[in-house]
Amino acid sequence: MSQLLRVQNFVVSLDGFGAGEGQSLERPFGHADPGAFMSWAGATASWPNRTDPGGTRGLDDYFTRDFKNNIGAEIMGANKFSPHRGPWENLDWQGWWGEEPPFHTPVFVMTHHLRPSFTLSDTTFHFTHGDPASVLEAAKQAAQGKDVRLGGGATVIREFLDADLVDTMHVAVAPVELGSGVRLWESPDDLTDRFNLEIVPSSSGVTHHLFWRK
């Protein structure tokens, strides 16, 4: 079975933005409200940061639970890893996720500003300025036969879509408009020349968009 490059549980607004403007340490999603983007997943029984029993079951829970299924490596952009811009002033920053990142795989961070790899728990972060095809090849080797997750943000996903490297994609459209920010698409129909598309509404208010290659 061939390894797939999969986008999973990526969230955009009704007007197609994957993040707002002005990302900072205090506001990882820019001017977008992170609760409006992620509350559908946080409410599920399978949300990994849940500290109390319960949570919803059903469609949202399925996608939350499936996030780690058969994933052997992740690719992300520099803006998902860090709010910093430009060269590294120091190497103290090690991501948003603390000592136990949620990836549990090698992670390849695409950036113009390289730094040494480092490991937190069972996640090793590698920094690369390669093109999408070469980064994907390295990630597939690291994944040891499992699939590779393309984690975002929207700019990196667009780069891999433009290079025709994405195999499947799950995008949850949140019921909020941002007006500006980092755009994934003008319309999901932009991708139907290459992908099949099924749209499934959820009782939480998000609409799940499922893409797979024609």
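Here's a check for you: in the stretch 59-104, which residue that is under 14 Å from the mean Cα position of the chain (by Cα) and aliphatic (A, V, I, L, M) is surrounded by the most Cβ atoms within 10 Å (Cβ to Cβ)?
Filtering first and then ranking leaves Ile75.
One residue is enough: does the stretch 62-75 have a residue meeting the conditions more than 27 Å from Thr168 (Cβ to Cβ) and either at pLDDT 95 or above or among the charged types (D, E, K, R) (or both)?
no
Does Ser39 meet the test of being more than 12 Å from Ala172 (Cβ to Cβ) and among the hydroxyl-bearing types (Ser, Thr, Tyr)?
No: the conditions fail for Ser39.
Rundown of residues vs (1) among the aliphatic types (A, V, I, L, M); (2) surrounded by 19 or more Cβ atoms within 10 Å (Cβ to Cβ); (3) more than 22 Å from Arg213 (Cα to Cα), yes/no style:
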position: Phe108; (1), (2), (3): no, yes, yes
position: Ser117; (1), (2), (3): no, no, yes
position: Thr128; (1), (2), (3): no, no, yes
position: Ser134; (1), (2), (3): no, no, no
position: Lys146; (1), (2), (3): no, no, no
position: Ala172; (1), (2), (3): yes, yes, no
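Among Ala78, Ala41, Ala32, Ala36, which is the only one that is of a type in the set (A, V, I, L, M) and touching a Leu at 6+ places or on another chain (Cβ under 8 Å)?
Details: Ala78 fails: touching a Leu at 6+ places or on another chain (Cβ under 8 Å); Ala41 fails: touching a Leu at 6+ places or on another chain (Cβ under 8 Å); Ala36 fails: touching a Leu at 6+ places or on another chain (Cβ under 8 Å).
Just one listed residue meets the conditions, Ala32.
Within the stretch 178-206, which residues are in a strand (DSSP E or B) and of a type outside the set (Asp, Glu)?
Val182, Arg183, Phe195, Asn196, Leu197, Ile199, Val200, Pro201
Name the single residue, out of those in the stretch 8-52 being of a type in the set (Phe, Trp, Tyr) and part of a helix (DSSP H, G or I), that is nearest to Glu177 (Cα to Cα).
Step one: of the stretch 8-52, the residues of a type in the set (Phe, Trp, Tyr) are 10, 17, 29, 37, 40, 47.
Adding the requirement that they be part of a helix (DSSP H, G or I) leaves 37, 40.
Values: Phe37: 11, Trp40: 16 Å.
Once the filter is applied, the top-ranked residue is Phe37.
Mind listing just one residue for me: the one in the stretch 171-214 that is among the polar types (S, T, N, Q) and free of Cβ contacts under 8 Å to residues at least 60 places away in the same chain and, of those, nearest to Asn79 (Cα to Cα)?
Thr207
Can you confirm whether the stretch 82-89 contains a residue that is out of contact with any helix residue (DSSP H, G or I) (no Cβ under 7 Å at 6 or more places or on another chain) and more than 21 Å from His129 (Cβ to Cβ)?
No, the stretch 82-89 contains no residue that is out of contact with any helix residue (DSSP H, G or I) (no Cβ under 7 Å at 6 or more places or on another chain) and more than 21 Å from His129 (Cβ to Cβ).
Looking at the structure I just gave you, is Thr44 more than 16 Å from the chain's Cα centre (by Cα), crowded, with 20+ Cβ neighbours inside 10 Å and either touching a residue at least 60 places away in the same chain (Cβ under 8 Å) or on the phi < 0 side of the Ramachandran plot (or both)?
Yes, satisfied.
Just checking, does the stretch 134-150 include any residue being at pLDDT below 95 and either in contact with a strand residue (DSSP E or B) (Cβ under 8 Å, 6 or more places away or on another chain) or aliphatic (A, V, I, L, M) (or both)?
Taking every residue of the stretch 134-150 in turn, none turns out to be at pLDDT below 95 and either in contact with a strand residue (DSSP E or B) (Cβ under 8 Å, 6 or more places away or on another chain) or aliphatic (A, V, I, L, M) (or both).
In the set Thr155, Thr123, which member is closer than 26 Å to Leu197 by Cα and among the hydroxyl-bearing types (Ser, Thr, Tyr)?
Values: Thr123 fails: closer than 26 Å to Leu197 by Cα.
Testing whether each residue is closer than 26 Å to Leu197 by Cα and among the hydroxyl-bearing types (Ser, Thr, Tyr) leaves just Thr155.
Being surrounded by 13 or more Cβ atoms within 10 Å (Cβ to Cβ), more than 20 Å from Asp122 (Cα to Cα) and without any contact (Cβ under 8 Å) to a residue 24 or more places away in the chain is the filter here; which residues of the stretch 47-58 pass it?
Across the stretch 47-58, the qualifying residues are Arg50, Gly55.
The values are calculated or read from the model by the stated rules, or taken from the named source; none is laboratory data. Because the structure is predicted, anything quoted here is derived from the model rather than measured. So basically every Cβ, Gly included, is an ideal-geometry build from the backbone, and we count neighbours across all protein chains shown.
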